[in-house]
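First up is the structure itself, then whatever we jot down about it.
The values are calculated or read from the model by the stated rules, or taken from the named source; none is laboratory data. This structure is a prediction, so every number in the text was calculated from the model and none was measured. Every residue, glycine among them, receives a Cβ derived from its backbone with ideal geometry; neighbour counts consider all protein chains shown. Each accessible area value is taken on the protein alone, full model and side chains, heavy atoms only, with ligands, DNA and RNA left out. Shrake-Rupley method; radii C 1.70, N 1.55, O 1.52, S 1.80 Å.
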Amino acid sequence: MTISRRYIVQGVAALAASGLTRPVRADWKPSVRIPDPGVRVLDPSFAKYRAFYGAIDRLYFGDTRYAEGPIWFGDGRYLLWTDIPNDRILKWEEETGAVSVFRKPSNYANGLTRDRQGRLIAAEHGRRVTRTEYDGTVSVLMDRFEGKRLNSPNDVVVASDDSIWFTDPPFGIAGNFSGVKAPSELPNNVYRLDPKTGKATIAAADVKAPNGLCFAPDEKKMYIVDSFSSPVTVRVYDVVDNLQKLANGKVFFSCEPGEAPDGIKCDVDGNLWCAYGAVNEGVDGVLVLSPEGKRIGLIALPERAANLCFGGPKRNRLFMITARGVYSVYVNTQGVPGS
């Protein structure tokens, strides 16, 4: 769920003008204190979600250019995540801590998820959505809408009825860093795809630059990040007609100037966990919002987070992806199945 080009340019310009620099902290070390002071309670309601012995760990720090899209494979005890500019998907193994290349090239894969049959679904900046079959072959599920090429599919979720929902902003085709520069042929839509019939429909057309998205636990609402709104916002929609359409879109949360969410996930209580950060000091990491849109918690990281997912046998281990690193922390809640 790459942040918008315009936002990056504005943020870099602001930093340059102020004379501030924010290098990636390669010397970061885990806290020796329990509970970890990096897991911050912004509202008393978040205290119950902070696991007392949950400490922030760095699992990987390396040569990724801009990492994204984590997804947990519990059946194999490994995490996959994407390195968009380097055109690859990486793999971290829980048992050994080993990191390897899972796929290269990846067609500039960004957001990853699994369908209800356990197969890997990828939103690719190479202008398509794909599924990896059990034998390892890759099937293209969608690369066009009404005869026109998609922009650069960004993030993706799968509903309980097997429908695939994904965002399609222009981030990957805006330049040659995380894709191949090309003109847009379609508006920046959110799509719903029925993989059984191959039919695709526009789920939302009123988001200027749709980025991260996720369902509420009961699938009655969907949250979508709009990276081109000013300020950047998270929008919320009613999911209607038996998971067929979105309706009644409105702003759920507005960011402060210089801040932006990217990937988002819900826990079982309906709290929204947002990969967060950008220009402002002190907000890099994961911002947790209540179901009412109130800031309740922050997991502080040394650089802005791009995406996140829940994993582990109990879905209570939060994996957080930054441009160069992979972090994790145990929390006292669970991610929605499939998150």
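Couple of notes before you dig in:
- Selection from the stretch 245-270 of residues that are farther than 19 Å from Asn154 by Cβ and within 15 Å of the chain's Cα centre (by Cα): Asp267
- Wholly enclosed strands (runs of 3 or more DSSP E) of the stretch 89-194 bearing at least 2 residues open to solvent by less than 50 Å² (accessible area, probe 1.4 Å) and either under 27 Å from Lys208 (Cα atoms) or touching a residue at least 24 places away in the same chain (Cβ under 8 Å) (or both): 109-114, 120-124, 128-132, 138-142, 156-158, 164-167, 190-194
- Scanning the stretch 195-223 for residues that are aliphatic (A, V, I, L, M) and in contact with an Asp or Glu (Cβ under 9 Å, 6 or more places away or on another chain) returns Ala200, Val207, Ala209, Leu213, Met222.
- Residue list for the stretch 311-336, restricted to those being under 14 Å from the mean Cα position of the chain (by Cα), over 18 Å from Pro217 (Cβ atoms) and not aromatic (Phe, Trp, Tyr): Met320, Ile321, Thr322, Ala323, Val326
- Residue pairs meeting the criteria (Cβ under 8 Å; at least 6 apart or on separate chains; first in a helix (DSSP H, G or I), in the stretch 32-53; second polar (S, T, N, Q)): Ser45/Ser290; Lys48/Asn332; Tyr49/Asn271; Tyr49/Asn332; Tyr49/Thr333
- The stretch 252-307, residues that are of a type in the set (Val, Ile, Thr) and either closer than 19 Å to Gln334 by Cα or open to solvent by less than 10 Å² (accessible area, probe 1.4 Å) (or both): Ile264, Val268, Val286, Val288, Ile296, Ile299
- Here is the figure for the stretch 316-330: residues that are under 16 Å from Ala55 (Cα atoms) and open to solvent by 10 Å² or more (accessible area, probe 1.4 Å) total 3.
- Test result for Tyr66, open to solvent by 30 Å² or more (accessible area, probe 1.4 Å), touching a Pro at 6+ places or on another chain (Cβ under 6 Å) and touching a residue at least 24 places away in the same chain (Cβ under 8 Å): yes
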